[in-house]
1. Kindly indicate the residue of region B:280-300 that is crowded, with 24+ Cβ neighbours inside 10 Å and small (Gly, Ala, Ser) and also nearest to A:LEU314 (Cα to Cα) among those meeting that condition.
2. Output yes when any residue across region A:29-40 is in contact with a Ser or Thr (Cβ under 7 Å, 6 or more places away or on another chain) and either surrounded by fewer than 12 Cβ atoms within 10 Å (Cβ to Cβ) or in the same structural domain as A:THR220 (by TED's automatic domain parsing) (or both), and no when none is.
3. Kindly list the number of the only condition in (1) touching a residue at least 60 places away in the same chain (Cβ under 8 Å); (2) crowded, with 22+ Cβ neighbours inside 10 Å; (3) within 18 Å of B:SER286 (Cβ to Cβ) that fails for B:GLY168.
4. Which residue, of A:GLY137, A:GLY158, is more than 30 Å from A:ILE88 (Cα to Cα) and out of contact with any helix residue (DSSP H, G or I) (no Cβ under 9 Å at 6 or more places or on another chain)?
5. Scan the strands (runs of 3 or more DSSP E) fully inside region A:33-99 and keep the ones with 3 or more residues being under 22 Å from the mean Cα position of the chain (by Cα), within 14 Å of chain B (Cβ to nearest Cβ) and closer than 24 Å to A:PRO307 by Cβ.
6. Quick one: is B:PHE176 more than 15 Å from the chain's Cα centre (by Cα), modelled with pLDDT of 90 or more and aromatic (Phe, Trp, Tyr)?
7. Among the residues that make up region A:389-410, is at least one of them surrounded by 24 or more Cβ atoms within 10 Å (Cβ to Cβ), within 14 Å of another protein chain (Cβ to nearest Cβ) and within 19 Å of A:LEU271 (Cβ to Cβ)?
8. Of all residues in region A:370-423, how many are among the small types (Gly, Ala, Ser) and either part of a loop (DSSP other than H, G, I, E, B) or without any contact (Cβ under 8 Å) to a residue 24 or more places away in the chain (or both)?
Amino acid sequence: MKVNRGTFFIVLGVTLVLAWVAFFGVHIPMGDNFGINIPGANEMRFGIDIRGGVDAIYQPVGLNRVPTADELEAARAVIETRLDQKNILDRDVTVDRTNGDIIVRFPWKSDEKTFDAQKAISELGQTAKLTFRDPNGNVVVDGSHVTKSIVAQDTEKGGYEVALTFDAAGKKLFADATAKLVGKPISIYMDETLITSPTVETAIPNGQARITGTGTLQQTSDLAQKIAAGALPFSMEARNYSTISPSLGAGALNVMVWAGALAFLMICLLLILYYKMSGVVACISLVIQVCGVLLALSIPQITVTLPGIAGIILSIGMGVDANIIISERISEEIKIGRKTQAAVATGFKNAFSSVFDGNITVMIAAIILMILGSGAMLSFAYSMLTGIILNFLAGVTASHLMMRSLILFPKLSGEKLYTCRTRRVAL
Amino acid sequence: MNVKKPYSFYAHKKILYSISIGFMVIGIIGILLRGGVALDIQFTGGALLKYTYQGEVNADDVAGAASEILGRQTTAQLTNDYVTHENRIVLTLAGEYGMSSEEQTNFLNKLNAKFPDAKFVSAESSLVQPFYGHRFLQRSLLAVVLAIILILIYEWFSFRKIGGLLAGLSAIIALFHDLLIAFFTCVIAGVPIGDSFVAVALTIVGYSINDTIVVFDRIRENRRVYPKESLENIADLSVSQTMTRSINTNIAVAISVLMIYVLATRASLDSVISFALPMVISSVLSIYSTIALCAPLWVDMKKHQDNRRNRRGNKPEPNKKAEPAKA
């Protein structure tokens, strides 16, 4: 790549733009549905350990076997419905089929002060009360009589439908109800939440009901799962959970932000005092690296946990290392007697294999963690991994470009500016 | 020009090895004094409840009442949060199992009935069933072991010209040195070994290996430049040349984690402290394992290997003749 005096300023400009975007975000609306929307640092999605919140593992109660996949999906539908009801929309609900449990994580809302976490955890796991009600609100049949609730193809109108099967008692209750309610709706409630309200087209005497016009496959299967939850033979209970109050979380975030800022300043000071021009270049490339990691977290809205922030700080350490190796090497080359231009070229060349081997090994550790880790550990691995990739882009490539450009300025190319106090060691 | 002779690390290897053994002995004495290693409830299963309170309470009274309500031996500790200025009581329940949220709600109600003025409010709770704890421990160990094996294979390949397996092995001995230092720090400081330590361990795996790789990279290069030189001279030269870099990098890391440690201690954030404290000590002492341990170990192992090859009558490679160390 051809480098001239302007290259340094281009890299510097890109760095400043990157820093601006990373910290403040970019929001440019273009029409109704389009636009550039890059979230800034304050719009990052923070994990429960930072914002406070709930992390609970629900297990079935009074069940001597691992629940089936269908049962777990129905249980998940119950939990999701109740979270919706509590207006908790920012959440992760994962089903672990191997162990037969459901993991629920949600942070506090920003204005949450008096949320009773224990109560919420208990409520989410309770057995769902599914009821079919007539237009006056009277329960005509309850969900425990539903033996089967599955998605089927709607053979008449196309699309999807929910196919319900009732047990013997349910068959009779449902037949009576539908006979009375032809042309009127039967509303299906989970707890006190209305989940659907289909109109009865004809009396159904055989206990085989179909709910049509339920939308997409996803919507239909959601509905089928919710109805199936009414006949779930178990409730869910969390005996493995953690809750963190919002005030505690805010303290943690503060600590990390301040520690990061102070450490960054001190490291820059150390680099510039010891490595002079090479140190200045190192600091600029560190800014690129930090901003890159921040954007890699904020754009896909990856959940940032405390270990995740530790991962950022440590990947910065790796970036510092790459720059120190390079700066030491350049200084050494000058002490051997090379001119600045030649020293920068050979310095980078010789330093690269160290930087490469070191980073690849750390990358191996990060990838292993991505595969085996869960929750907070994933966040650590992700920020570590992006940090290392950026280390190659910023620590190696951007530093090289800036350095090659700076030495084209006669006043900035003196050997003294690129040598450090480290004495040359030789046999 | 201002040129320095390399430090003679190899000649003093006995002192250097002894210092390392000294660290280990201190660590083991520390464990014995502490009466064993405390695993966090994340690994063993258990219950830890933190409540904020108003006014004054007596920790022993609350612990006594809690033990009575729960039928589970409970210890209590009072802390103060510097950031929010809240008073908190930390209840640690004996027994390696969690409790359901209903049980906790009932417990908190009963506790508040006994101490109406304290107005306990749940701030943090951590309840772990042993099954999940054990699974987490297994996965964490698997992650660390797998990472080490893959790194060893990579180094074996990457440093095949200087006896890659031996370079990898001495890097891993240096790594265990750093890991043990972090582990002993936690035990001696009374930080339970939990998920934060797993993060520490993985960070150290990356860092320590990265640190020693720079030395072996230099050895590989110097062997090309000085093919006639003895192993110990090459090792001493390479370590001396990369020493400043190792010190500066580790100081930079130590500064970052020290900042985290100081601020986290002020805010009494246990999860962050348990990450930062072992990192501070380990990042400083990893300078030692890189400079003093890995290269002399490599020389010793390589000499041993070459001698065995000689005895078997294999021709030694030209630049592997062992010369006595220059004192």
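The values are calculated or read from the model by the stated rules, or taken from the named source; none is laboratory data. Because the structure is predicted, anything quoted here is derived from the model rather than measured. Reconstructed Cβ throughout: ideal geometry from the backbone, glycine too, with neighbour counts over all protein chains shown.
1. B:SER283
2. Checked against the condition, which is being in contact with a Ser or Thr (Cβ under 7 Å, 6 or more places away or on another chain) and either surrounded by fewer than 12 Cβ atoms within 10 Å (Cβ to Cβ) or in the same structural domain as A:THR220 (by TED's automatic domain parsing) (or both), region A:29-40 yields no hits at all.
3. (1)
4. Values: A:GLY137 fails: more than 30 Å from A:ILE88 (Cα to Cα).
On inspection, the qualifying residue turns out to be A:GLY158.
5. Details: elements: A:34-38, A:53-60, A:92-96.
Where strands (runs of 3 or more DSSP E) fall fully within region A:33-99 and carry at least 3 residues being under 22 Å from the mean Cα position of the chain (by Cα), within 14 Å of chain B (Cβ to nearest Cβ) and closer than 24 Å to A:PRO307 by Cβ, they are A:53-60.
6. On the way: more than 15 Å from the chain's Cα centre (by Cα): no; modelled with pLDDT of 90 or more: yes; aromatic (Phe, Trp, Tyr): yes.
The answer is no for B:PHE176.
7. So far as region A:389-410 goes, yes, one or more of its residues are surrounded by 24 or more Cβ atoms within 10 Å (Cβ to Cβ), within 14 Å of another protein chain (Cβ to nearest Cβ) and within 19 Å of A:LEU271 (Cβ to Cβ).
8. Taking region A:370-423 as the starting set, the residues that turn out to be among the small types (Gly, Ala, Ser) are A:373-376, A:379, A:381, A:383, A:387, A:394-395, A:398-399, A:405, A:413-414.
After this cut, where a residue has to be either part of a loop (DSSP other than H, G, I, E, B) or without any contact (Cβ under 8 Å) to a residue 24 or more places away in the chain (or both) as well, the list is A:373-375, A:413-414.
Selection size over region A:370-423: 5.
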